[in-house]
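Computed from the coordinates by the stated procedures, all read-outs in this text should not be read as laboratory data. Quick caveat: nothing in here was measured; it's all calculated off a predicted structure. Every residue, glycine as well, gets a Cβ built from its backbone with ideal geometry; the counts of neighbours run over all protein chains shown.
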Amino acid sequence: MKAIILSAGQGGRLLPLTETLPKCLLSIGNKTILAHQIESLNQCGISEITVVTGFAAGAVETALRELSAATQAPNCVFNPFFNVADNLASCWMARHVMTGDFVLLNGDTVFEPAVCETLLRAPTAPVCLAIDHKSEYDSDDMKVRLAGTKLLEVGKSIEPQNIDGESIGMMRFIGDGPAHFVQILDQVMRTPNSLNWWYLKAIGILAERDLVQTQSIEGQRWGEVDFLQDLENVRQLFVDGG
């Protein structure tokens with residue numbers, strides 16, 4: 001099992017903290033977001049890691065070298081479109097790495113190892129999306145609509161009555177899942193609006209083909225860092241809260 005971390009963005013909604021420092025290098029206690037992610041992946045037995053860089057790529061590469069003194073150094077893939085494209089392009093830049101089973105995660109999702117372990121143990125499916133549940137969802141949540149555990153739809157604009165959870169920004173690809181994903185990435189990147197789309201556009205297409213299942217990680221610790229309040233919440237969850 002490999003892992004691909006999408007860390008090309010600056011994190012403009014976290015300015016001024018991200019004026020020169022990419023979001024993935026913001027601190028959670030005495031570790032960066034990226035260090036937390038790599039440590040949790042390593043604890044799940046995943047050591048072959050690729051990080052897609054973009055904004056302040058040199059700083060990320062330096063941080064990775066410092067982290068990897070005693071472990072296998074992550075590979076880096078540079079996304080030159082980071083300033084004009086969303087994360088679909090970052091996935092497309094890393095498609096050559098998607099040659100076997102892998103976990104894909106956003107560079108701003110902080111999680112305890114149990115989250116990844118639960119996803120890895122999920123029932124066999126080409127693609128499996130980790131989801132959580134809560135009482136209310138805001139406009140920025142990446143919501144999901146399900147039929148049982150099967151993904152029907154993923155996006156921010158799902159009607160409230162159809163929301164069955166939210167994507168946490170982590171998914172597993174096994175068997176022929178990686179090949180299906182790469183094929184859709186290539187197709188979508190050839191469309192006029194490709195630079196404006198998230199990679200979940202491709203996941204939505206795979207869901208329409210009945211290839212995507214979901215795995216709940218409800219009750220386990222994780223947090224996504226998009227806004228300053230998110231950063232404080234995650235710090236409380238992983239530092240103050242243990």
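How high is the FRET efficiency from R209 to E19, r the C-beta distance, R0 51 Å, rounded to 0.05? List each step's numbers first, then the result.
Details: r = 42 Å, r/R0 = 0.83.
It comes out at approximately 0.75.
For the chain, what is the percent of antiparallel DSSP beta bridges, rounded to the nearest 5? Please list the in-between numbers first.
On the way: 22 of 43 bridges.
Rounded to the nearest five, the antiparallel share is 50 percent.
Under 26 Å between alpha carbons, and skipping anything fewer than 8 positions from K156 in its own chain: which lysines qualify?
Result set, ordered by chain and number: K23, K134, K143, K201.
How many angstrom separate the Cα center of the range 109-124 from the Cα center of the range 51-68?
Spelled out, the Cα-based centre of one part sits 24 Å from the other.
Residues with amide H under 5 Å of F78's amide H, sequence separation 5 or more or different chain, H placed in the peptide plane at 1.01 Å from N; which?
For F78, the qualifying residues are T53.
For E218, project a label point 7 Å along Cα to C-beta. Then give me every residue of the range 103-136 with its amide nitrogen under 15 Å of that point.
Counting backbone N atoms under 15 Å from the label point, the list is 130-136.
Y137 versus A73, label points 7 Å from Cα toward the beta carbon: distance in nm?
4.2 nm
Show that you can apply the helix-only estimate: for the chain, add -39,500 (n - 2.57) for every DSSP H stretch of four or more residues, divide by all residues, and state [θ] at 222 nm to the nearest 500.
Numbers: 7 runs with 67 residues, N = 242.
The helix contribution divided over the chain gives -8000 deg cm²/dmol.
Can you tell me the relative contact order of the chain? Whole percent, Cα pairs under 8 Å, sequence separation 6 or more. Write down the numbers at each step before the final one.
Details: 473 pairs, mean separation 58.4, N = 242.
Relative contact order of the chain: 24 percent.
Just to confirm the filter: which GluC sites (Glu not before Pro) across the range 143-242 are DSSP coil and have at most 15 other Cβ within 10 angstrom of their Cβ? Kindly include the intermediate steps, with their values, before the conclusion.
On the way: sites: E153, E166, E208, E218, E224, E232; in loops: E218.
Hits after loop and neighbour filter: E218.
How big is the dipole moment of the range 104-242 about its Cα centre under a simple scheme where the beta carbon of each Lys and Arg is +1, that of each Asp and Glu is -1, and everything else is neutral? Debye, nearest 20, please. Write out the running numbers ahead of the final one.
Details: 12 positive and 22 negative charges, 109 e Å.
Dipole of the range 104-242, to the nearest 20 debye: 520 debye.
Which FRET efficiency value, to the nearest 0.05, is calculated for A147 and D186 with the Förster distance at 30 angstrom and r the Cβ-Cβ distance?
Numbers: r = 28 Å, r/R0 = 0.93.
About 0.60, to the nearest 0.05.
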